[in-house]
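The numbers here are math on the coordinates, done by the rules we state, and not lab data. Because the structure is predicted, anything quoted here is derived from the model rather than measured. For neighbour counting, all protein chains shown are included, and Cβ atoms are generated from backbone atoms with ideal geometry for every residue, glycine included.
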């Protein structure tokens, strides 16, 4: 028998042999047989459940320090997640299967629980961080400008807006991590104020979402998902961006994770010097902007529990300098617009068991906009605020939100469901708001269920009942159907009843500046809608090639849609149009030769009709526009760079207007083409990323517009601004990660 000392020596020897055994995982791309650097590897000891996280090196290798049998999970963008086991001293080669389509994209917008995009009953378009970087997009307007079936526009004071399925921004729900964005001007969110400095990805759901999100969701929802640190002990980044038109951006941040707690702080400063076609005046067609952004969160999460406290702050200064005044051209009136937006959130999420989820979300948002008008004497350099009360203004809005939902979600279950409460209150105050203060509340309960009579078919009806403090809200209902007759084919069909109550600004705000004079209308009626959507997709793969063809159709009918109408001179007010319709569709083709080449091209057609344009014969005549979008990406494996090309054709956009005799006429915004080209390369083990490119290579500036001349969105010469011409940009990002 061994002595006590011998037993100790033997145990030490075994321990030494185990520790001396080299345990290695090497991660490969199965289709190309090449190593995958920077793959995420999670190792969990099967005995004590302790975890560690590692990143594969340039050769796809990860050296593990384990003392017992462990489970490993490997993930990499664009590949199916792999789970395997490994023992001390073992070498294991993991072959990763590339994903063809969006199967690897996990989406959360309007879902019962996070799920892969191709499994969602909704059609969800995901724009990931790679696409954001490759486009050189600094804000949401630049990012969406080349997307199919989306059209963006610009206003010198109100900012940039978009349309989706022929419906404008007041019918689109804009969210940041599930919280509605406050601060609509003319019913729209200024997309140039939604910066991309700390964004992980964007989820766009086309089609009515009124059951889940209530008002402002008739055309769809755009959810901006910010980054979260779930693995790094310490990570940081700093990014600089320059564009030749006079854009200078700088951002940076860090995050840390200690056990189950993580903390993150990010800041950014964006500056744009302004632009005019002829740079001979202090007045600019595109006003200068200075923006500050701050993003903070604290998160505590365990396996089935998550608590997150976050705050996002935005500050913008936009000077609108006036032209020098006759006769001596030594004085001018200048306007300064200050915007502050704060959004705070407290979110609690819990997995009650393997398929039941509880989510509680509370939010407070604050928005104010200050306008100051100054009289400048440029000979003495003195200035003072003007005495006209209409020249000075402050409007303040507060929004309170509470949302609670209980969900059951299980891929193998025949019946899943979700039930919840959604309370929203908005307060507004200011001297240009009727009676200086107004408030509107919307208190709703919603329920939906997804029934799968068999695995290939899902049917999801939904109901929402709301009490609105200003309007009688109807029962809102919807039904979504997803059918997958074959593995390579999926079909989605949806119908929804919609409701939108007018906003406080549409009802009560009197908005005045040098180009706009918009009067709220407290007699507005609420909008009611019926919305239909259909989409079908066919996927095909062979070897390294992947092909997708997708088609979609939509029809939207809105009663009492709210729009601006000219009242007298430059005075506009909001009115209801009793019959407004949009219809159209499109087709998209995608081809991927993994991992070198991706080509996506699509065509979309959108028609619009309103009762003002009805012909004397009583026929319903739609005015159609179409757009073509195409993207090419080439990934050079030898020199490790990505070349991307983005093209968009916007055809002539029809618009109806009233002439001086109050007769309905059809005008248009002229057609134009856009082309952006970028090249991206990583250096020093992906710690540095350099992006170079050119935007608006067709040099678009102002294009012809008939029907809005002198109105709220156009220039005095019968044109509308669509760009500031051809520009060149450079972006440099430095990353640091410690695991």
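Suppose only helical runs count, i.e. DSSP H with n ≥ 4. What mean residue ellipticity at 222 nm does that imply for the chain under -39500 (n - 2.57) per run, divided by all residues and rounded to the nearest 500 deg cm²/dmol? Present the calculation step by step, with values, prior to reporting the outcome.
On the way: 5 runs with 37 residues, N = 739.
Value at 222 nm, helices only: -1500 deg cm²/dmol.
I'd like the orientation of helix 4-20 relative to the chain: the angle between its Cα long axis and the longest Cα principal axis, in ° from 0 to 90, rounded to 10.
40
Once the piece of chain linking residue 84 and residue 404 is laid out straight, how much longer is it, given 0.36 nm per residue of separation minus the C-alpha distance between them? Intermediate results must be reported in sequence, preceding the final value.
Details: separation 320, 0.36 × 320 = 115.20 nm, distance 3.68 nm.
Stretched fully, the residue 84-residue 404 segment lengthens by 111.5 nm.
Test of understanding: what is the full-extension gain from residue 302 to residue 24, defined as 0.36 nm times their sequence separation minus their Cα-Cα distance?
Working: separation 278, 0.36 × 278 = 100.08 nm, distance 2.78 nm.
Net length gain for the segment: 97.3 nm.
Please arrange 161, 548 by how many other C-beta atoms lie within 10 Å of their C-beta, fewest to most. Intermediate values should be presented prior to the final figure.
On the way: 161 25, 548 19.
The most exposed by this proxy come first: 548, 161.
How long are the three semi-axes of the equivalent ellipsoid for the stretch 27-172, computed from the Cα gyration tensor as the root of 5 times each eigenvalue, in whole Å, largest first?
On the way: eigenvalues 336, 57, 39 Å².
Equivalent ellipsoid of the stretch 27-172: 41, 17, 14 Å, largest first.
Count the DSSP beta bridges whose two residues both fall in the chain, then state the antiparallel fraction as a percent rounded to the nearest 5.
Values: 342 of 355 bridges.
Taking every DSSP beta bridge within the chain, about 95 percent pair in antiparallel fashion.
If you average the sequence gap of Cα pairs under 8 Å that are 6 or more apart and divide by the length of the chain, what percent do you get for the contact order?
Details: 1977 pairs, mean separation 65.7, N = 739.
Relative contact order for the chain comes out at 9 percent.
Using R₀ = 56 Å, calculate the FRET efficiency as 1/(1 + (r/R₀)^6) where r is the Cβ-Cβ separation of residue 394 and residue 42; round to 0.05. Before the final figure, lay out the partial values.
Working: r = 51 Å, r/R0 = 0.91.
Efficiency at R0 = 56 Å is approximately 0.65.
From Cα coordinates alone, what are the radius of gyration and Dmax values for the stretch 311-395 in angstrom?
22.9, 78
Per residue, what volume in Å³ does the convex hull of the Cα atoms of the chain enclose? Could the numbers behind the result be given before it?
Numbers: hull volume 135.9 nm³, N = 739.
Normalising the Cα hull of the chain by residue number yields 184 Å³.
Compute the normalised compactness of the stretch 23-96: alpha-carbon radius of gyration over 2.2 N^0.38 Å, N being the residue count.
Details: Rg = 11.5 Å, N = 74, 2.2 N^0.38 = 11.3 Å.
Ratio of Cα Rg to 2.2 N^0.38 Å: 1.02.
For the pair residue 451/residue 273, report the inter-label distance in nm, with labels modelled 7 Å from Cα in the Cβ direction.
Placing both labels 7 Å along Cα→Cβ, they lie 6.5 nm apart.
Quick one: which of 242-250, 134-142, 213-221, 395-403 comes out on top by average Cβ neighbours within 10 Å, and what's the full order, highest first? Each step should come with its number before you reach the end.
Numbers: 242-250: 16.8, 134-142: 22.6, 213-221: 26.3, 395-403: 19.0.
Highest-to-lowest ranking by the protection proxy: 213-221, 134-142, 395-403, 242-250.
Under a plain spin-label model, where a point goes 7 Å from the Cα along Cα-to-Cβ, how far apart in nm are residue 385 and residue 326?
Placing both labels 7 Å beyond Cα along the Cβ direction yields 3.2 nm.
Calculate how many DSSP beta bridges within the stretch 23-96 are antiparallel, expressed in % of all such bridges and rounded to the nearest 5. Provide the component values of the computation, followed by the final result.
Numbers: 22 of 28 bridges.
So the antiparallel bridges amount to about 80 percent of the total.
Can you work out the PRE-style zone for residue 670? Point 7 Å along Cα to Cβ, and I want the residues of the stretch 244-280 with backbone N under 20 Å.
From the stretch 244-280, the list is 276-279.
Stretch residue 415-residue 738 to full length: gain in nm at 0.36 nm per residue minus the Cα-Cα span?
Values: separation 323, 0.36 × 323 = 116.28 nm, distance 4.29 nm.
Net length gain for the segment: 112.0 nm.
Output the relative contact order of the stretch 106-221, whole-number percent, from Cα pairs under 8 angstrom with separation of 6+ residues. List each step's numbers first, then the result.
On the way: 179 pairs, mean separation 33.8, N = 116.
Relative contact order here is 29 percent.
Considering all alpha-carbon pairs of the stretch 442-498, what whole percent are spaced by more than 17 angstrom?
On the way: 771 of 1596 pairs.
Summing the P(r) of the stretch 442-498 above 17 Å gives 48 percent of all pairs.
With a 10 Å Cβ neighbour count serving as the proxy for reagent exposure, in which order, fewest first, do 44, 631 appear? Could the numbers behind the result be given before it?
Values: 44 16, 631 22.
Ranked by crowding around the Cβ, least crowded first: 44, 631.
Given labels modelled 7 Å from the Cα in the Cβ direction, how far is it in nm from residue 621 to residue 63?
If labels sit at residue 621 and residue 63, their model points lie 7.7 nm apart.
For the stretch 23-96, calculate the relative contact order in percent as a whole number, restricting contacts to Cα pairs under 8 Å that are 6 or more residues apart.
Details: 171 pairs, mean separation 28.5, N = 74.
About 39 percent, as a whole number.
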